[in-house]
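Below is one structure, written out as structure tokens; the observations come after it.
The values are calculated or read from the model by the stated rules, or taken from the named source; none is laboratory data. Remember, predicted model here, so these are calculated numbers, not experimental data. We place every Cβ from the backbone using ideal geometry, glycine too, and count neighbours over all the protein chains shown. Only protein heavy atoms, including side chains, enter the accessible area calculation; ligands, DNA and RNA are left aside. Shrake-Rupley method; radii C 1.70, N 1.55, O 1.52, S 1.80 Å.
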Amino acid sequence: MSDTAAGVDLPTHDLSSTATVAFVGLGNMGAPMAGRLLEAGHRVIGFDLCETAVQRFTEHGGVAADTAAAAASDADVTILMLPSSAVVESVLDDGLAAVLRPGAVVVDMSSSEPMRTRALARRIADERGVDLVDAPVSGGVKGAVNGTLTIMVGGTPSVVSAALPILELLGRPVRVGDIGAGHALKALNNLLSATHLMVTSEAILVGERFGLDPEVMLTVINGSSGRSGSTENKWPNFIVPKTYDSGFALNLMLKDMRIATDLARHLGQPSLLGEHAVSLWSQASETLDSGADHTEIARWVEQSATPEIV
């Protein structure tokens, strides 16, 4: 795709100054992200199907809209923080795309499917003269609150540059390639994250059965070659205290894992360990509560263990 959508000039508004931002999806991640834009002085118009989420948003100075299309009708940039490609496409087709003016920028910060993102970007560019940037994030709710998210951005250089003043308020944006590249990298990152969270859980539980203290194990591992985000963050903060409240659902992690292995299959690249990890996480998803946090995979690993043989 060229640096302009369907031959339309890029936006001339300066997003480094006060902008009107539509924010669709005010959940665990979206709400604090929208809050940071409000704190920076931007006018943020939000929409979410959850009335409680909308109420919290308005209490922090946001303007509520009755529909996603109403939120985006006067926006300089529209941010989507939604569960999947299917939901993103549905929201755009349900009136949002029709109200976007030519030259507007849509930033899809959802965990979407990269091939569908490419197709969607071509379609709205051709039909509406609108540019799409994919910019999924990593860093959890804490990163959303503190503005320290890692943001994986896909899009043409000029369009990404136009969106940077907004994205930089939310974390550390890095352009990783053309449209769809951000969603691809996010899925691959989460496949890695899920796989090492499961094997970390297995290792810690084996050590605990042997008589090792999990906190001592984590201290040593975090100074050794086995360390990871699972040992440095997820186990000490959400699993050892048994709160299991990272704010990211197990089913969403599984969805991202499947996006990564589907991409591998599409490209003809084997993902043998990844496919096996998806199978195990699928079993956990069927066993645990539908709303289980992804850190509850450790509970599932423990529950799946056979009685100790002495």
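Side notes on the structure shown:
- Between Leu205 and Glu286, full extension at 0.36 nm per residue minus the direct alpha carbon distance yields a gain of 27.0 nm.
- Segment Thr243-Val87, length gained on full extension (0.36 nm per residue, minus Cα span): 53.2 nm
- The coefficient of translational diffusion for segment 58-109, derived via Stokes-Einstein from the alpha carbon Kirkwood radius under 25 °C and 0.890 mPa s, stands at 212 µm²/s.
- Counting Lys and Arg as +1 and Asp and Glu as -1 over every other residue whose Cβ lies under 14 Å from the Cβ of Thr117, the net charge comes to -3.
- Relative contact order (%) - segment 57-108, alpha-carbon pairs under 8 angstrom, separation at least six: 44
- Between helix 181-210 and the chain there is an angle of about 20 degrees, using the helix long axis and the longest principal axis of the Cα atoms.
- Stokes-Einstein diffusion for segment 188-310, with the hydrodynamic radius set to the Kirkwood value over Cα pairs and evaluated at 20 °C in a medium of 1.002 mPa s, equals 143 µm²/s.
- For the chain, the solvent-accessible area with a 1.4 angstrom probe is 46 square angstrom per residue.
- Partners for Lys255 among lysines (Cα-Cα distance below 23 Å; same-chain residues under 8 apart left out): Lys142, Lys186, Lys234
- For segment 17-169: rounded, prolate or oblate by the Cα gyration tensor [a/c cutoff 1.5]: rounded
- Calculated FRET efficiency, Ala119 to Ser224, Cβ-Cβ distance, R0 = 35 Å: about 0.20 to the nearest 0.05.
- Note on the chain: along the principal axes its Cα atoms extend 71, 47, 34 Å, ordered by decreasing extent.
- Estimated at 0.36 nm per residue, the fully extended path between Thr67 and Leu212 surpasses their Cα-Cα distance by 46.8 nm.
- Axis of helix 157-167 versus longest Cα principal axis of the chain: the two differ by about 70°, to the nearest ten degrees.
- Carbon and sulfur %, accessible surface of the chain computed with the full protein complex present, 1.4 Å: 54
- Point-to-point label distance, Leu49-Glu168, nm (Cα→Cβ direction, 7 Å offset): 3.6
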